[in-house]
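Derivation of every value follows stated rules applied to the coordinates shown; laboratory data play no part. Owing to the predicted nature of the structure, the values given are computational and were not obtained by experimental measurement. Don't worry about glycine lacking a Cβ; one is built from the backbone with ideal geometry, like all the others, and counts go over all protein chains shown.
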């Protein structure tokens, strides 16, 4: 399993990095569209949409949502994303240990709610990637968010493995601990300082840059837990098996679906883009 993970990562990471840094936004949008479609396909499978014709219909709906989002004010879309992920954060903090009450559990098991989350959250992810990438520091800052989330995942895993005792949300993801969160914060804080030193922060002060990074990382953890809520609601372990050793596409980008829109929303509200 570890060998498969390393091989897959060794192939995909350079491709992603080169794509972000070398492609024009008009070219990158097709790659991100493919990622969104594959993630949507897996999400629809998780929520019980197994009929191929129905899945294709909703994928077409996703495409239409992507197109419409291009004509809407970016600030409104990013504020919507921020509001949705703050709501998800409140949900996780309130019910992470207790489990969802009956009415909310029924909502998560309702296919229409799952479809709405699939289309809305992936559309906001797609438009936020494009919004950021087309700015002067966009490619570097987009890559910065990706590395931040990857490092948070790495720091969280090893700190949780070594010191993990206090569950973060045991009813949602029993293996995640607060010690893992602190490990994620420590590693991403170091990365934020390095990025600040080379000027990826643009005009943001060091304090604001650190706070925005850490807030983004915390929301990325919520993104992971939010997907876990769906998988637990439908008794699914992995979103798919497209990536050997890593599960599905959705399993790999669930944190990014939350992190990138929130990071972009922060930059917009701070007047940085």
Conditions (1) over 22 Å from residue 225 (Cβ atoms); (2) surrounded by fewer than 15 Cβ atoms within 10 Å (Cβ to Cβ); (3) touching a helix residue (DSSP H, G or I) at 6+ places or on another chain (Cβ under 8 Å): number failed by residue 136: (3)
Residue count, segment 175-200 (criterion: over 18 Å from residue 142 (Cα atoms) and over 20 Å from the mean Cα position of the chain (by Cα)): 1
Residues that are over 19 Å from residue 259 (Cα atoms), touching a residue at least 24 places away in the same chain (Cβ under 8 Å), in a helix (DSSP H, G or I) and touching a helix residue (DSSP H, G or I) at 6+ places or on another chain (Cβ under 8 Å), drawn from segment 81-112: 95, 105, 108
Any hit, segment 193-206, residues being under 23 Å from residue 169 (Cα atoms) and surrounded by 21 or more Cβ atoms within 10 Å (Cβ to Cβ): no
